[in-house]
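The structure appears below as structure tokens.
The values are calculated or read from the model by the stated rules, or taken from the named source; none is laboratory data. All values derive from a computational prediction rather than experimental measurement. Please note: Cβ atoms are built from the backbone with ideal geometry, for glycine as well, and neighbour counts cover all protein chains shown. All accessible areas refer to the heavy atoms of the entire protein, side chains included, with ligands and DNA or RNA removed. Shrake-Rupley method; radii C 1.70, N 1.55, O 1.52, S 1.80 Å.
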Amino acid sequence: MDGLREQKKRETRIALSWAAIRLTVERGYQNVRVEDIAAEAGVSLRTFRNYFSNKAEAIAARQVDRITRIADGLRARPADEPLWVAIRAAVEENYQLGQPEQGSALPPDEQWLAGVRLMGTEPALRGELAKAHAQVQEEFAKAVADRTGTTGLYPRLVAAAFSAAIATVSEEWQRADPPRPLTELLQEALDLLTTGFPEPRPTA
């Protein structure tokens, strides 16, 4: 029973975060109320308040939950698997949390992309995302430390590299011309991390 209750809570949290993202992309950050988010997710305002203190926190929660799930997935991978192979597998298993990123295997829809770009300029949201970034980077470093039996520089450096890769993929997804699928960019970033950033050949 406790397991089902916890699963339901996770599903509600994901649904609220996705509702906040969808509405903000469609309407603009200032035009979305927490009441709208609760209604979109099919829950009461009281339920929203049980999970989040404001709409910025609800939006940022997706990144927190995603990386937390990836860190948990990393801990669960076979012990004899090389670290970056295990990280890639954990990403592939857990990156799409809840609803896919508007068809993340396809080039992004221009209207959705414009809304995401505008959402990223909101100061209150940028502050909440920065807090989330620090939180999940620390969590990922702990997962690397648990897996490798190391402390100090190594797990923190791996976590910082992984975190930077995720952030860069998101930025590149928003600015790429022509648009590129999110999953394609993510795979390319993981390839570069896994191979240690070999120097690319100059393009003609």
*Write out, first by first residue and then by second, each pair whose Cβ atoms fall under 7 Å of each other, whose residues are 6+ apart or on separate chains, and whose first residue, in region 154-166, is free of Cβ contacts under 8 Å to residues at least 24 places away in the same chain while the second is assigned to a helix (DSSP H, G or I) and among the hydroxyl-bearing types (Ser, Thr, Tyr).*
154/148; 155/148
_Residue tally, condition within 18 Å of residue 172 (Cα to Cα) and among the hydroxyl-bearing types (Ser, Thr, Tyr), over region 185-204_ = 0
*Across region 123-141, what is the number of residues that are touching a residue at least 12 places away in the same chain (Cβ under 8 Å), farther than 26 Å from residue 28 by Cβ and open to solvent by 40 Å² or more (accessible area, probe 1.4 Å)?*
4
*Somewhere in region 100-109, is a residue within 23 Å of residue 142 (Cβ to Cβ) and either touching a Phe, Trp or Tyr at 6+ places or on another chain (Cβ under 9 Å) or modelled with pLDDT of 95 or more (or both)?*
no
*Could you list, in sequence order, all residues of region 142-189 that are under 18 Å from residue 76 (Cα atoms) and open to solvent by 20 Å² or more (accessible area, probe 1.4 Å)?*
142, 145, 146, 147, 148, 149, 150
*Where in region 1-100 are there helices (runs of 4 or more DSSP H), lying wholly inside it, with at least 1 residues that are under 25 Å from residue 166 (Cβ atoms) and out of contact with any helix residue (DSSP H, G or I) (no Cβ under 7 Å at 6 or more places or on another chain)?*
2-27, 55-76, 83-94
*Within region 130-157, can you find the residues that are at pLDDT 95 or above and aliphatic (A, V, I, L, M)?*
141, 143, 144, 145, 153, 157
*asked:* Six or more apart or on different chains, Cβ atoms under 6 Å: show the pairs whose first residue is in region 183-204 and under 11 Å from residue 166 (Cα atoms) and whose second is β-branched (Val, Ile, Thr).
replied: 185/169; 186/169; 189/169
*Going by the conditions given, is residue 72 in contact (Cβ under 8 Å) with a residue 60 or more places away in the chain and not hydroxyl-bearing (Ser, Thr, Tyr)?*
yes
*asked:* Could you check region 25-78 and list, in sequence order, the residues that are crowded, with 19+ Cβ neighbours inside 10 Å, small (Gly, Ala, Ser) and more than 20 Å from the chain's Cα centre (by Cα)?
replied: 38
*Tell me which of these residue 79 doesn't satisfy, since it passes every other one: (1) under 20 Å from residue 170 (Cα atoms); (2) modelled with pLDDT under 95.*
(1)
